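In what follows, a single structure is set out as structure tokens and then discussed.
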Amino acid sequence: FKSFADAEITVLCVDFYNGDYTAEVAERNFDALGNIMGVTDRTDVIIQWYSDAIDDVMSVIDTIPESEKGKTVYYEVTTSDGSTYGRVVGMGTNDVTAVGAVNVLDGGVDMNWDDDKMMAANPDVIIIATTGYFGATQYFGYGQNPTQDQLDSMVSSFESRNIWDELTAVQNGAVEFRYGEFRNTPAGIYDLTATAKLVYPEYFEGVDPVS
């Protein structure tokens with residue numbers, strides 16, 4: 001850490017990886033920054049906030065009967081050729097398993113949309129993560145200011161897929177489009193909370209993932 005101080009580096013940016021949403025993940029990520037920048041008092045506050053936010057979600061998850069867990073989630077990460085679906089190692093979908101749900105394409109990378117496969121999986125929840133990281137158009141999120149017409153066009157591109165309207169998640173309104181890079185910041189708490197609410201709406205009624 002002394003080398004940073006000697007070089008008079010005053011700004012340091014690192015990726016924040018949420019791991020498995022345990023209380024220790026914030027400490028692992030922020031301790032180094034606090035020591036490097038000499039602001040451990042501030043990072044201690046952030047660590048406590050992040051840990052409390054995880055507890056707020058997981059304490060509710062713990063009350064849900066096991067018989068109600070195991071719902072299925074289809075998680076798509078947009079790419080330049082639209083072919084990366086399922087659990088992408090570079091993205092991570094730890095929020096799905098953390099809330100006791102099942103990723104229907106767990107372990108699958110570079111898999112094209114397939115009508116028969118999707119109907120067989122027929123997920124309870126669909127999450128579309130938009131990011132420019134894999135060369136795709138980033139529809140919203142950091143640095144973007146889309147018009148309503150652009151957002152409508154994005155949604156229409158998914159609604160026009162074969163069998164889209166036949167999927168359980170679509171029929172129940174359990175579909176979310178989200179910014180795919182929250183995972184690299186403390187805002188990954190949003191992913192956890194929003195996924196929990198999508199999977200168990202009755203248990204998270206009144207919870208606002210943004211707040």
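What to note about this one:
- Distance between the modelled labels on Asn35 and Ala187, one decimal in nanometres: 2.9 nm (7 Å Cα→Cβ projection).
- The alpha-carbon of Lys197 sits under 12 angstrom from the alpha-carbons of these aspartates and glutamates, leaving out residues fewer than 8 places away in its chain: Asp95, Glu176, Glu205, Asp208.
- Long-range amide H partners of Phe177 with built H, under 5 Å: Ile128
- Net charge of Cβ neighbours under 11 Å - reference Phe204; Lys, Arg +1; Asp, Glu -1: -3
- For the stretch 117-211, accessible area per residue (1.4 Å probe, heavy atoms of protein chains only), Å²: 50
- For the stretch 158-211 versus the stretch 1-72, the gap between their alpha-carbon centres in whole angstrom: 22
- Rounded to 0.05, the FRET efficiency of the Asp152 and Ala120 pair, given R0 = 25 Å and the Cβ-Cβ distance, is 0.25.
- Length added when fully stretched, Asp44-Thr10, from 0.36 nm per residue minus Cα-Cα: 10.3 nm
- Each Cα pair under 8 Å and six or more residues apart adds its sequence gap; the mean of these over the residue count of the chain is a relative contact order of 21 percent.
- Calculated mean residue ellipticity, 222 nm, the chain: -11500 deg cm²/dmol, from DSSP H runs (n ≥ 4) at -39500 (n - 2.57) each, averaged per residue and rounded to 500.
- Share of carbon and sulfur in the accessible heavy-atom surface of the chain [1.4 Å probe, %]: 49
- Fraction of the pair-distance distribution of the chain above 26 Å, Cα-Cα pairs, percent: 40
The values are calculated or read from the model by the stated rules, or taken from the named source; none is laboratory data. Keep in mind that what you see is a predicted model, and the values were worked out from it rather than measured. Glycine gets a Cβ as well: all are built from the backbone with ideal geometry, and neighbour counts include every protein chain shown. Just the protein is used for accessible areas: all its heavy atoms, side chains included, with ligands, DNA and RNA removed. Shrake-Rupley method; radii C 1.70, N 1.55, O 1.52, S 1.80 Å.
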